[in-house]
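A short worksheet on the structure shown next.
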Amino acid sequence: MLRMLSLALLPLAACLQAQEAAGGPNERLDRQFQAALAQYESGRFAEAATALEALLRTVPESFEVHELLGLVYSAQSQDAKAAVHLEKAVRLKPDSAAARTNLATNLARRERYPFAEEQFNKALELEPQNYDANHNLGELYVRGGKVAAATPYLEQAQRIKPDSYENGYDLALAYIVTSRLADARQLLQNLLKQKDSAELHNLLGEVEEKDGKFVAAANEYELAAHLDPSESNLFDWGSELLLHRTLDPAIQVFQNAAERYPNSPRVAIGLGIAYYSRGNYDDAVKSLLKAADLSPADPRVYPFLSRAYDSSPSQADEVIARFRRFAEQQPGNGRAQYYYAMSLWKGKRAQDPNLDLTQIGALLKKSIALDPSLAEAHLQLGNLYSEQGKYADSIPEYQRALGLNSDLADAHYRLGQAYVHTGDKALAQEQLQAYQKIREQHLADIEKQRAEVRQFVYAAKDASAAKP
């Protein structure tokens, strides 16, 4: 975090030329300044600002008054007003590393990054061992996505203040981003000796996960959740268990999280995925329906709801209602139209004689028009044609699906069956062999499911981390 540096401000009387004997105007001005300083330090910023603005009318060239007034306005997040006084303070005392650091921090807050970088570097030229200048310049580079450039400054700040928790945490993050996992682990373990905090255990869990040490990662996430059972810590712990298919414990963690945080969409999705992975399809659908209601526009829930619905069509009306809402809210989203089409079709093909296949076909065609890259939509449109006996029409759709994703085992199988019906036996045999090869080489559906779970978990963590 970029922060302003509180200066060791001298008594104002020491900065004024002696014009009167003891007890004269200088001492009175000094008492006024010290009163304003006390107000600043006690958080009474408005009173401090009023007093300092009054002082400036008497001593308009006082470095001390301008610097403190800049700090006062910064504390009130009035960065534009603070800048006027911090800039003046630097002009009055250009050899003050602390003053330049404060000005640089102000510039960074106002997103004037090149000027902030210039001031930080000038501060470091004046005082290379200035902790705040090193730390804040590192933070500036992090904000700009230059993590590798930030690391040396954060390291220098850590050498200056080895017990700095704030800088140490940021440096550990930089190490993780730059894949220096051993350095991150050592630093976090050292910080934990100073302060046994949930956020350090959570970050160490991330290090162990990235280093492929699942058991160690799960242990760290568990420690973090026990120290602070926040929504984020419980989600991270449950997700780690889910990623590595430790399903019963994952369900328990997500159930606990759902009880504590019933309005968290990602917890509801995580619980739904855990139920589905465990084979509890009805419970999976219920949890995912709740997630869809908590955040109807969140696209992450619908692939999992669609898959769970495949295995548990008993709640068809409720599922269809959610997919209809999603499609209506996002009429330009090809996947939304696709999911709505499939929700109408799944589970009712044999039971519902009034099923409107024309509507389903129109929705599939709309989804393809909106997003021609949707291989699954081409596959399902081909299936629709096949069920209607239109095998010649189904073949181009299967071919388009395979052109977009050659690993779609079902598309190979269905295309082979279509060729059988059209009398192309050699082509049919070729497709059925491709189907068998894919199924033998790898279980594409299982791998796809695992990949989607990983994508959801990582995206949910990134979205949470991006929030202020």
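Some observations on this one:
- Residue list for segment 354-377, restricted to those being modelled with pLDDT under 90 and under 18 Å from Asp393 (Cβ atoms): Leu357
- Of all residues in segment 184-206 being aliphatic (A, V, I, L, M) and over 17 Å from Leu154 (Cβ atoms), the one that is most open to solvent (accessible area, probe 1.4 Å): Leu192
- Segment 113-131 residues that are surrounded by 15 or more Cβ atoms within 10 Å (Cβ to Cβ), paired with ones that are of a type in the set (Lys, Arg) (beta carbon under 6 Å, 6 or more apart): Gln119/Arg100; Lys122/Arg100; Ala123/Arg100; Tyr131/Lys161
- Among the residues of segment 98-109, none qualifies, meaning not one is of a type outside the set (D, E, K, R) and more than 23 Å from His135 (Cα to Cα).
- Every residue from segment 243-264 that is closer than 24 Å to Ala297 by Cα and at pLDDT below 95: none
- On inspection, Gly416 fails the criterion of being of a type in the set (Gly, Ala, Ser), crowded, with 19+ Cβ neighbours inside 10 Å and closer than 23 Å to Tyr340 by Cα.
- When Ser373 is tested against (1) without any contact (Cβ under 8 Å) to a residue 24 or more places away in the chain; (2) closer than 18 Å to Tyr338 by Cβ, just one condition goes unmet, and that condition is (1).
- Flag if Gln351 is open to solvent by 60 Å² or more (accessible area, probe 1.4 Å), assigned to a helix (DSSP H, G or I), modelled with pLDDT under 95 and not β-branched (Val, Ile, Thr): no
- Residues of segment 55-73 satisfying the condition of being acidic (Asp, Glu) and more than 19 Å from Glu41 (Cα to Cα): Glu61
- Matching residues, segment 56-72, being assigned to a helix (DSSP H, G or I) and in contact (Cβ under 8 Å) with a residue 40 or more places away in the chain: Phe63, Glu64, Val65, Glu67, Leu68, Leu71
- All of Asp293, Asp282 fail the test of being touching a Ser or Thr at 6+ places or on another chain (Cβ under 9 Å), surrounded by fewer than 19 Cβ atoms within 10 Å (Cβ to Cβ) and part of a helix (DSSP H, G or I), apart from Asp282.
- Pairs, first at negative phi and open to solvent by 20 Å² or more (accessible area, probe 1.4 Å) in segment 23-37, second among the small types (Gly, Ala, Ser) and at pLDDT 90 or above, C-beta under 8 Å, six or more apart: Gln32/Ala51; Gln32/Ala54; Ala35/Ala51; Leu37/Ala48
- Options Ile320, Ile251, Ile273: the member that is part of a helix (DSSP H, G or I), of a type in the set (A, V, I, L, M) and surrounded by fewer than 21 Cβ atoms within 10 Å (Cβ to Cβ): Ile320
- Residue list for segment 257-270, filter: part of a helix (DSSP H, G or I) and either without any contact (Cβ under 8 Å) to a residue 24 or more places away in the chain or among the basic types (Lys, Arg) (or both): Glu259, Arg260, Arg266
- Every residue from segment 145-174 that is within 19 Å of Val207 (Cα to Cα), open to solvent by 20 Å² or more (accessible area, probe 1.4 Å) and either of a type outside the set (D, E, K, R) or over 21 Å from the mean Cα position of the chain (by Cα) (or both): Val147, Ala148, Glu155, Tyr165, Tyr169, Leu173
The values are calculated or read from the model by the stated rules, or taken from the named source; none is laboratory data. In this text, all values refer to a predicted model and were calculated from it rather than measured experimentally. Glycine gets a Cβ as well: all are built from the backbone with ideal geometry, and neighbour counts include every protein chain shown. Accessible surface is based on the protein model in full, side chains and every heavy atom, while ligands, DNA and RNA are left aside. Shrake-Rupley method; radii C 1.70, N 1.55, O 1.52, S 1.80 Å.
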